[in-house]
Structure formats: structure tokens, C-alpha cells
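**Q** Quick one: structure below, then a few questions.
The values are calculated or read from the model by the stated rules, or taken from the named source; none is laboratory data. Since this is a predicted model, take the numbers as computed values, not measurements. As a convention, Cβ positions derive from the backbone with ideal geometry for all residues, glycine included, and neighbour counts pool all protein chains shown.
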Amino acid sequence: MTGENIIHVKNLIVRRGPVTVLDISDFKVARGRILALIGPNGSGKSTLLLTLAGLLRPTSGQLFFQDTPVDNMASLDMLRRNASVVFQEPLLLNDTVYKNVALGLKFRRLTGDETKKSVDEALNYFGISHLAKRSAKTLSGGEAKRVSLARAFAIKPQLILLDEAFNSLDPPSWEAITDDLRNILAETKITAVLALHDREETLRLAQDVTVLSNGKSIQSGNTTQIFNHPANEFVANFVGTESILEGVVETIATGLMEISINRKVIEASGDFSAGQKVYCCLRPENIIVSKELPEKISARNVFEAKVQKIIRQGFFYKLMLDCGFPLVAYITMPSCEDLGLCEGATMFASFKATAVHVIRRKK
Amino acid sequence: MELILQGITKAFELILAFDPEVLGITWLSLKISGTATFISLFIGVSIGTAVALNDFFGKRVVISLINTGMGLPPVVVGLFVMIFIWRSGPLGFLEILYTPYAMIIAQAIIATPIVMGISLAAIQNLPPHLRLQILSLGASRLQMVWVLVKESRLPLLAAVMAGFGGVISEVGASIMVGGNIKGYSRVLTTATVMESGKGNFDIAIALGIILLILAFLINLMLTQIQQRQNPR
């Protein structure tokens, strides 16, 4: 195996006319990682993906693929043959599903047997073997999306680049496809860069996140870091202010799970099986802060919490709490005065089991 | 009215009797216009695709020129081809004036802009990301172009229909550069003009009907292919 980074860009500038659409000093993706690019429309996600794929020539800057500079036709060819892009639209040819998935292999002039093996494998990965003989133009949105993913995986790329590939799917298809993709990425260990626009998508699929705004990289880090410690207001607004906690389901009884987080246990409604790794998401407006230990209340979760930071946000305060795990709470100004809150004080934080939004986690 | 009825009756007699002269004229028409369409397909698709896929200064002017060319008056084409292959003209040494070759050249010139314009529009109408998608799957530039042309095969069939339909029914250029020589360069349209000029309406109607049937059969065939490719 060569190199630690699959792809690395330095001092990348992309201009379109007088406008600088991308200005990134350093961006790299380590082998086997799944990185999400998030940011509002026009932040440069697609441009960065196209540059990484070798499909867009940057105005200036260096691009390295597996530590080899991509600066001539041979290295560009090498990059294109090893990176596979999945666009927002399925972009299938007017042909059978099989021929669509075989397209990249045909360009490589593989023999029929090799092609068939890879195509069958890719179709199988995405659960669409039964569609092989269908015309690609008769597929539903979800099926077409699976075919375009299978086509990208059939060439066994080193790097997969997805450009907001799940935008137009209905919720059940979206859930099934993102689940499958996550499993396939975990199994094949293919490095992936995914332009996503949704926090839940990011949590479901990615290990690392880079936040882009106006063509610049604002923050990079692993998912929990970005979501729990946004570097600035922009990132915080974009990723939302939910607390996101990594946990493991311990026990489950009648729709109530006990999930261990940093040696603490919280109760959440849901029915994942024991041992399942999960993210628990808590919205700050659902956290109740009290000075004394509340008694006889319906909230299943009550924790002693140390107030680490109080940040004024308009007409309310944002409290950064430490309950053994980080937690963010919103309270109004009068509540804050009534409770006499100050940084360093010890309080109690409570929330209902039904306020915990639990998301399956693979890693 | 009687004249028309008589004409139609005679026409069907001629057709059903497989009159050798009528048959010969029909066959020559098909050969000349088929060859011309085939040539225009080559030139039209390659230049149309090249223009669609490349950005260059003056692209819009070129596209406007091609679109204008789609309505090129056959008589004007005939005139210029004639001037070029006239004995003392720049291509006079070829000695092809009043031959089927001259007709093929003139008809190819008429059909090429039609094929070019339609294939240009067809390639431009493909989803903008499709080119990048194909390149990202590892295609060479040539492979990419080939896939795009194949993907436009339905509009390209329309281009063939339009091109062939245009030249087989064209009369001005054919008569100018072909000369309507019996048994050699006489085709359906030029024969129709001549026979009706002579007052032989029965033969003229027969030729006209054959022309219509031919046009219908060829379009039926191509439509058949088109519909089979596109189940919806």
C-alpha cells in the first residue's frame, strides 16, 4: 500500500471568471476514511469534488493522488481511472442496467468474464441483481440511484466521490440506500468523499467532516468534534446546535433503551438491539435545568451538570453543560436570573427519553 | 376530375405492372439519395458533435450558420455545385457534370447541414454532467464521444429521416447538375417535372405516388426502430 493519503490538495485556487469559487490551502483524505463535505449551496462542494476527480482543472495549486503529483496526462489518467464520481442525477445511459454498470469496465477493455464478475458483484452489493436486464429508463428514482452507485463501484475505485447523491429520494429509499452504502464502504474499505447537505446523512455515513463556506474550508475534524464543538457561529448554525453523543445500546425493554455514554447511562425510546452503536442527538430546547434534584417527574434522565460556559444568544442563553458528557441547553433570560446561574455552578439537567433522537452508527 | 382519376388508375397500372422504366427511376432515386444521406451522416455527425463538445470563439456564429444551412435552397446549392464542376470550373477536371455523382454531391451538401444541426442539438441536449460522468468512469476522449453519439441515437435517426426526406424530394439541384438524362440521371422528382411538363399526367402521378410511398416506408421503418428503443 502506498501513502497514507489517498488524495491531497495544496494551495488550491479555482476561479470562474473574476470570481474565486474555491480557495483551499490544505485538504487531504486518509486511506479508508469517509469524509463529508458540508456547507450551503454555492460553498464549493461540487467544485472541490470535480477537482479531486481530475475533471476540473484548477486555476492553481497542487493535487496529489496517492502521494503522486497529478500534473501530466499520465497521472491525470491514473487519477481518473481510480476515482469514481456519482453525481446528483443518476445519468444512466439508455441501455440495460447491466450494460450501464459495465460501462466503466468496457472503457478498460476487460474481458467478458472479468466484466461479468465485477458487474454481478456490484449489482449484488446494491441489491439490484434482479434489475440487470431492465432498461435503465424504466427505473424508479431509488433504483436508478442504486444503478449509478453500482456503476461507480464496479470499477473497484480507490476513491469514491459523491455529489449530493441522495437529494431527490423519498425517505424509505433514502434510508435503505444510505444504509447499504455505509455497509459497502465499511466492507470494501474504499475511501470516500461525500458532498452532503444534511446533518443526519453526515452522521449516518461519515467519519470526518470538512465544512466549506464561500469556497473556503472553515473547519475539519471528525464528526462528533464538528457537531459538538463547532469552531464558529457559521458552523454552529449550519450543523445545528444539537448535542451529539456516541453511545452503545446496553439493554432494551418495551421500547425503552438504556444507552451507555462515557460510563453514564441514558434512557431513550426506540428499539435497536443491544450492542448496537448509536448516536444520541439532543436538542438544546428539550433540556430542563434545575437548581435542585427534581423529584417525581416524567423525564427519565436526570444528571448532575456543571455549567461550563454561558453564552448570550439574543433573548436566551446557551449553556454548555458537563454531565460526564457534553450537553447544550437553552434557557430564557428570566429563568437564568431566577436560577442565579453562573459559570462553574453545579445544576441538574433533565430530559425525556422521547427527546433523545437515536441514530444507528457503524463505526 | 376525370383526368385525375384516369391518372391515378394508370399510375397503379404502371406500378403494379412493375414497369421497368419506373422501376429503374425509383431504384436510381434511392441509390443517389441514400448515398448522399450516408455521406451527410458522416460529415454532419462528426462536425455537429465537435461543435457541440468544444467551446471556442465564435461558436454561436457557427451554430447560427449551421442552422441557416438547414434551410439551404436546393436551387442555390445546385447552382454552386454546377459552377464548381462546370468544365472550366475549379473542379471541372473531374468531368462529373450531368452524372449521378454530381447529384450525390449536391444532395449531400443539402442534407449535411440538416444532419449537423440536429446532431449538434442532440448532443447539446444531453445532461451537462453526462460527459464528466463518462470521463470519470475512465473513458478516453474518443470513448466519451462515442458514448455520447450512441446516447443520441434517437435524435440522430430523426436526422437521417429529415436528411433523406429532404434530398429524395428535392428537384432543383438534381435537375441542374444531373441533367435528367434518361436511364442515367433521371430520378423520381426530375421525371415527374418532365412528364407533367409534357402533359403525361398519368406517369407523373404514378411517380408522385411512388415518391410518397417511399417516403412513408422509410419513415415507417425508422420510426419502428425508434419506438422499439424507447418503450415508454
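**Q** Go through the range A:34-112 and tell me which helices (runs of 4 or more DSSP H), entirely inside it, have 3 or more residues that are more than 30 Å from A:Ile226 (Cβ to Cβ), away from chain B (no Cβ under 14 Å) and among the aliphatic types (A, V, I, L, M).
**A** Correct list: empty, since no element meets the threshold.
**Q** For B:Met144, indicate whether it is surrounded by 15 or more Cβ atoms within 10 Å (Cβ to Cβ) and over 17 Å from the mean Cα position of the chain (by Cα).
**A** Against the criterion (surrounded by 15 or more Cβ atoms within 10 Å (Cβ to Cβ) and over 17 Å from the mean Cα position of the chain (by Cα)), B:Met144 qualifies.
**Q** Go through (1) away from chain A (no Cβ under 14 Å); (2) assigned to a helix (DSSP H, G or I); (3) of a type outside the set (A, V, I, L, M) for B:Trp146 and report which single condition fails.
**A** Answer for B:Trp146: the failing condition is (1).
**Q** Shifting gears a bit: Is there a residue being of a type in the set (S, T, N, Q), crowded, with 23+ Cβ neighbours inside 10 Å and within 13 Å of another protein chain (Cβ to nearest Cβ) anywhere in the range A:121-137?
**A** no
**Q** Looking at B:Gly183 and the list (1) buried (at least 19 other Cβ atoms within 10 Å of the Cβ); (2) over 18 Å from the mean Cα position of the chain (by Cα), which single condition is not satisfied?
**A** (1)
**Q** Give me a count of the residues in the range A:136-161 that are outside any helix (DSSP H, G or I) and under 24 Å from A:Trp174 (Cβ atoms).
**A** Going through the range A:136-161 one residue at a time, the tally reaches 6.
**Q** Related question: Can you tell me which residue is nearest to A:Gln313 (Cα to Cα) among those in the range A:329-359 that are modelled with pLDDT under 90 and in contact with a helix residue (DSSP H, G or I) (Cβ under 7 Å, 6 or more places away or on another chain)?
**A** A:Ala355
Residue by residue, here is whether (1) farther than 29 Å from A:Pro58 by Cβ; (2) under 12 Å from the mean Cα position of the chain (by Cα) holds:
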position: A:Glu164; (1), (2): no, yes
position: A:Asn167; (1), (2): no, no
position: A:Leu185; (1), (2): no, no
position: A:Ile190; (1), (2): no, no
position: A:Ala195; (1), (2): no, yes
position: A:Ser220; (1), (2): no, no
position: A:Thr223; (1), (2): no, yes
position: A:Asn232; (1), (2): no, no
position: A:Gly247; (1), (2): yes, no
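**Q** Working only within the range A:319-344, note down all residues that are touching a Lys or Arg at 6+ places or on another chain (Cβ under 8 Å) and surrounded by 13 or more Cβ atoms within 10 Å (Cβ to Cβ).
**A** If the condition is that a residue be touching a Lys or Arg at 6+ places or on another chain (Cβ under 8 Å) and surrounded by 13 or more Cβ atoms within 10 Å (Cβ to Cβ), then A:Leu319, A:Met320, A:Leu321, A:Asp322, A:Cys323, A:Gly324, A:Phe325, A:Val328, A:Ala329, A:Tyr330, A:Leu339 are the ones that fit.
**Q** If you scan the range A:259-277, which residues turn out to be among the hydrophobic types (A, V, I, L, M, F, W, C) and out of contact with any Phe, Trp or Tyr (no Cβ under 6 Å at 6 or more places or on another chain)? Can you show your working first?
**A** Keep residues of the range A:259-277 that are among the hydrophobic types (A, V, I, L, M, F, W, C), which gives A:259, A:261, A:265-266, A:268, A:272, A:274.
Across the range A:259-277, the qualifying residues are A:Ile259, A:Val265, A:Ile266, A:Ala268, A:Phe272, A:Ala274.
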